[in-house]
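Below is one structure; the comments refer to it alone.
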Amino acid sequence: MADKVQRVRGTQDLYGDAIARFDHVVDTFNRVRKLYGFKRVDVPVFEFTTVFARSLGETTDVVSKEMYTFEDRGGESLTLRPEFTAGICRAFISNGWQQFAPMKLAAYGPLFRYERPQKGRYRQFHQLDAEIIGAAEPAADVELIALADHLLAELGCKDKVVLQLNTLGDAATRTAWRAALVEHFSAHADALSPESRERLAKNPLRILDSKSEADRALVADAPGIDAFMSAEAGAFFEAVQKGLQAAGVAFERAPALVRGFDYYRHTAFEFVTDHLGAQGTVIGGGRYDGLIETMGGPSTPAVGWAGGIERLAMLVGEPKEEVDRVYIVFDGEAAAAKAEALVARLRTDLSKAWRSASFLRERRCEVEMLSRGNAKKDFERARERGADVIYTVRADGSPGWDSMLLDEYRVHDRTGSDPHGTGAVVGAVVMPWIIGREVRLPSASYRADYHIRLPAQA
RNA sequence: GCGAUCAUAGCUCAAUCGGUUAGAGCGCCGGUUUGUGGUACCGGAGGUUGCGGGUUCGAUCCCCGUUGAUCGCCCCA
């Protein structure tokens, strides 16, 4: 078994379209979080086990059976991070970051949970993470949620997702409500589904969003949180809702929404979708005012959320490619050196053009050379790989690359007068930048604004 | 941790009721034709049918086990 050449269960090898979508999500996150002033933070992939065990709650599933925990050679118990918040809070405490509070932080990277894999669920998965640490006011919750909402809008998947919002009240509210729920469900324990009987002991709030038919009726007349809500907690939640309305963030109240980790207080929210099978939550988070103090730090209020990159990537579909591809095909040894020189020249010219021409910034251009020896095959390959323009370099006998003959093919240009349609020769070019002529940069659209003047050779 | 379905070439899939040498497309390699066409032709390599055991004259096919994948429960992003 040890010599099996195979992936560990629940991990992924990302390539091509899959990684393109992944990157698109991360790039969009980075772009949007800057708009809100969230600074990047990066924390270790593993921590002392206690960092997660104490913060998440000993009885949560993640801690009790899903952590990748191991002993290092020094005998320390370490754990691969199953979430971001605990590690970031630990960093906050370790480095005395309270001097910078309030902090708006953004992170992303791999997380690890030993779970049975299924659609949108992996053992090594990736999250985006946003936290506001050291801000007690409801405006922080609003800003944080607005960031998530904005991200989803930029990713173009807002129509597939709804924001569910709830409050868990402050510590006193939550404790009283929880006690009432335990009392209510205990009285009807025999009518409860087996899963919910489990939950009664471990996490009674969870019974509220049970999918079991048997539990529905009991859940329906379970006590609601509002009866236990303290005046402060009620006002806080009210302010959050008002703020979201003002910010134009649509949401719906979800009284049964309860988050998995013990540290949540007040605001709890999830962006959910029905496009992902059993994994409905795309972004989830809430306020965790007591956590940092519990972990041994200064009393510090905080809110945060995490979003599953894989799940978001599955929602966004194909990111449109803004790539122009130039392929250089050549025939024979004599043309090889010329082709090399042409590739190098095009790449440097393009990188200069990129810096100065702002209208090009949104696009990319790739220049590649094909040299498999069979010009015919190379030509076909270039087309298959999505070439927009193909130059063939002719071996004309002259030694200098600055006098080489090129045939230019524009793969997508159907409007040309060429009788053969696209893919045929559009024009033979003799090092146009030498004589100062304008050369069109390859572009799928061929608008005039993509014409640039390549600098003459020095 | 529990349940269901599945596993055949690099990829996507065939293979009759359990029956002869397990096929096709794509991809890969080589070649032909054309200084180059949105789609040509010829040939080649590539298989322990996931793995192990059983039933049978004979197993890709039936049974058991195992590993993995997918989907669901649980939980979560």
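We did not get these values from a lab; they are worked out from the coordinates using the rules stated. The model shown is predicted, which means the values in this text are computed figures rather than measured ones. Glycine gets a Cβ as well: all are built from the backbone with ideal geometry, and neighbour counts include every protein chain shown.
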request  = Provide A:V161, A:V249 in ascending order of the number of other Cβ atoms located within 10 Å of each residue's Cβ, fewest first.
outcome  = A:V249, A:V161
message = Please state the shape class of the range A:21-160: rounded when a/c is under 1.5, otherwise prolate if a/b exceeds b/c and oblate if not, all from the C-alpha gyration tensor.
response = oblate
note = In terms of the alpha carbon gyration tensor, root eigenvalues a ≥ b ≥ c, rounded if a/c is under 1.5 and otherwise prolate when a/b exceeds b/c or oblate, the range A:143-249 is oblate
inquiry  = Let's see if you can work this out: charge +1 on each Lys and Arg Cβ, -1 on each Asp and Glu Cβ, no other charges. What is the dipole magnitude of the range A:1-99 about its Cα centre, in debye to the nearest 20?
reply    = 380 debye
remark   = With a Förster distance of 35 angstrom and the Cβ-Cβ distance between A:R385 and A:Q6, calculated FRET efficiency to the nearest 0.05 equals 0.75
ask   = A:K65 to A:D17: extension gain in nm, 0.36 nm per residue of separation minus the Cα-Cα distance?
value = 13.9 nm
query = In terms of modelled amide H atoms, which long-range or inter-chain residues lie less than 5 Å from the amide H of A:Q127?
reply = A:G109, A:L111, A:I309
